[in-house]
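K.L.:
Please see the structure below; I have some questions.
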């Protein structure tokens, strides 16, 4: 389902096969943003997209904002899930915005807002009572953007992570 254009030059839709290579470009930029120096090749990023992210049953829904030439300027990765603690009809289904990323030159041009709005529509269309996401504490511009969109900061939650070394250690059978 395609939504109306963000502007005359931009549209937001679910990823189409013709946009895969352009999304690979953007995923390489995202990888470099989080990993300095980058640790993955373009081929590795493409293979990951095809074999994992787009694999049937992955649960990932990819929205892309594209320009008139079909180049991907930004994307939102969404996952739907059911709450374990909220059984009520209005809260039992939730949407996780796993990643929102806009190409550096396209920032401040409404791309992020269009992706968040379309993500919200997707969540509502799928019976979700809320949408959650994480943001780096140092991403002050992103935090201001989300708050300007009406998002509420969840003060009583922290993110935790088990990197591979700790995951491997904890995953060993008890001695």
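The values are calculated or read from the model by the stated rules, or taken from the named source; none is laboratory data. Remember, it's a predicted structure, so these values are computed and weren't measured experimentally. All Cβ positions, even for glycine, are placed from backbone atoms using ideal geometry, and neighbour counts span all protein chains on display.
K.L.:
Being part of a loop (DSSP other than H, G, I, E, B) and farther than 21 Å from residue 98 by Cβ is the filter here; which residues of the stretch 157-175 pass it?
P.N.:
If the condition is that a residue be part of a loop (DSSP other than H, G, I, E, B) and farther than 21 Å from residue 98 by Cβ, then 171, 172, 173, 174, 175 are the ones that fit.
K.L.:
Could you say which residue among 74, 129, 70 is surrounded by fewer than 17 Cβ atoms within 10 Å (Cβ to Cβ), touching a helix residue (DSSP H, G or I) at 6+ places or on another chain (Cβ under 8 Å) and without any contact (Cβ under 8 Å) to a residue 60 or more places away in the chain?
P.N.:
Every option except 70 fails the conditions.
K.L.:
Also, I was wondering about something else. Failed condition for residue 48, given (1) farther than 22 Å from residue 130 by Cα; (2) within 16 Å of the chain's Cα centre (by Cα); (3) touching a residue at least 24 places away in the same chain (Cβ under 8 Å), with all others met?
P.N.:
If we test residue 48 against (1) farther than 22 Å from residue 130 by Cα; (2) within 16 Å of the chain's Cα centre (by Cα); (3) touching a residue at least 24 places away in the same chain (Cβ under 8 Å), just (3) comes out false.
K.L.:
Return the total of residues in the stretch 33-56 being surrounded by 14 or more Cβ atoms within 10 Å (Cβ to Cβ) and part of a loop (DSSP other than H, G, I, E, B).
P.N.:
Qualifying residue count, the stretch 33-56: 3.
K.L.:
Now for a separate question. For the stretch 118-139, which positions are over 16 Å from the mean Cα position of the chain (by Cα) and on the phi < 0 side of the Ramachandran plot?
P.N.:
Listed by number, the residues that qualify are 124, 125, 126, 128, 129, 137, 138.
K.L.:
Another one. Which one is surrounded by the most Cβ atoms within 10 Å (Cβ to Cβ), of the residues in the stretch 1-30 that are in contact with a helix residue (DSSP H, G or I) (Cβ under 7 Å, 6 or more places away or on another chain) and at pLDDT below 95?
P.N.:
Going through the qualifying residues, I end up with 6.
K.L.:
Here is a further query. Please list, ordered by first then second residue, the pairs with beta carbon atoms under 7 Å, 6 or more apart or interchain, first in the stretch 26-38 and under 18 Å from residue 106 (Cβ atoms), second at pLDDT 90 or above and assigned to a helix (DSSP H, G or I).
P.N.:
Within 7 Å, the pairs are 27/45; 27/49; 28/42; 28/45; 31/45.
K.L.:
What about residue 142, is it within 14 Å of the chain's Cα centre (by Cα), surrounded by 13 or more Cβ atoms within 10 Å (Cβ to Cβ), modelled with pLDDT under 95 and farther than 17 Å from residue 13 by Cβ?
P.N.:
yes
K.L.:
Quick one: residue 104 ticks every box in (1) modelled with pLDDT of 95 or more; (2) within 18 Å of residue 23 (Cα to Cα) except a single one, so which number is it?
P.N.:
The failed condition is (1).
K.L.:
I'd like the full set of residues that are crowded, with 22+ Cβ neighbours inside 10 Å and under 14 Å from residue 61 (Cβ atoms), limited to the stretch 92-115.
P.N.:
Passing the criteria: 95, 97, 115.
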